[in-house]
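The values are calculated or read from the model by the stated rules, or taken from the named source; none is laboratory data. Bear in mind that the values here come from a model prediction, so they are computed numbers and not experimental data. Cβ: placed from backbone, ideal geometry, glycine included. Neighbour counts: every protein chain shown. The protein model used for the area step is the full one, side chains on, heavy atoms only, and it has no ligands, DNA or RNA in it. Shrake-Rupley method; radii C 1.70, N 1.55, O 1.52, S 1.80 Å.
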Amino acid sequence: MSSKTLSRKIDKAIFRFKLIEPGDKILLAVSGGKDSLAMSYFMGHKQEGFPIPFELGAVHIEGDFPGCGKSPVMAQLMEEWGVPFETVKVPIMARLKPGKSMNCYWCSTQRRMELMRYAGENGYNKIALGHHMDDILETFFMNMMHKSELSTMLPKLKYDKYPFTVIRPLAYVKEQEIIDFSIKKDLLKAAAVCQFGTTSTRLDARRVIEAIAAEEGSSVKDNIFEAMCNPVHRYMPYTLLDNEEDSES
């Protein structure tokens, strides 16, 4: 798939979900993985000539354990793409309480807290994360299978308690498309794979989705995503529960 096709998919997410508004100051959260690097490439290249004016910057939250990305290489790439870039070192493991072990949830919580702190100190109103379509679908299936609810990561989420909006420009981009693009552009030289990055519940959801896609074709992922955008409320069981409660009251 060409860079232009991926760029159009990102534009689709931006315009459909109104991810960017005039005057936005957007902070790219660069983890050091292929996804955030690909996001940074496309967002950096959209700064000039995009119909909606916005400002861009990037930050890498560097933890105190292996697999946090290669800051010098990332800095070089960001400079090439015209994206101001900083690294913030955070003692994520050192913050663990005695007896607690390192895990993905703890790390992501600490990183998100530092992202918001950095965004607030530097005047950003939006934080862009590198989650792609597969991440969104996996979260949807995880929540169905393990939490008994229909919910997922949103392409755009306004925090209730903080003055920031999270956006996910890669919402329409599949992971394999990012892998192919990253190989083509040699982005993997800067990427790192986190040893805490994949939970068993996410792997369970991934296996289910990939089994369906292997049988039906990768376009079924697009169909599932669109299904989340097109719920038919009349044919959901919860509407019967609501009516039941109304009739009893």
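General remarks:
- Some residue of region 140-158 being surrounded by fewer than 14 Cβ atoms within 10 Å (Cβ to Cβ), within 26 Å of Leu56 (Cβ to Cβ) and over 13 Å from the mean Cα position of the chain (by Cα): yes
- Flag for Pro163 being surrounded by 11 or more Cβ atoms within 10 Å (Cβ to Cβ), at pLDDT 90 or above and part of a loop (DSSP other than H, G, I, E, B): yes
- In region 7-48, the qualifying residues are those that are among the small types (Gly, Ala, Ser) and open to solvent by 40 Å² or more (accessible area, probe 1.4 Å), and the one that is nearest to the chain's Cα centre (by Cα) is Ser31.
- Residue in region 171-204 that is modelled with the lowest pLDDT, counting only those that are open to solvent by 50 Å² or more (accessible area, probe 1.4 Å) and basic (Lys, Arg): Lys189
- Look at region 202-228: where a residue is closer than 20 Å to Ser148 by Cβ and a partner is part of a helix (DSSP H, G or I) and open to solvent by 60 Å² or more (accessible area, probe 1.4 Å), sitting 6+ places away or on another chain with Cβ atoms under 7 Å, you get Asp204/Met145; Ala205/Met145.
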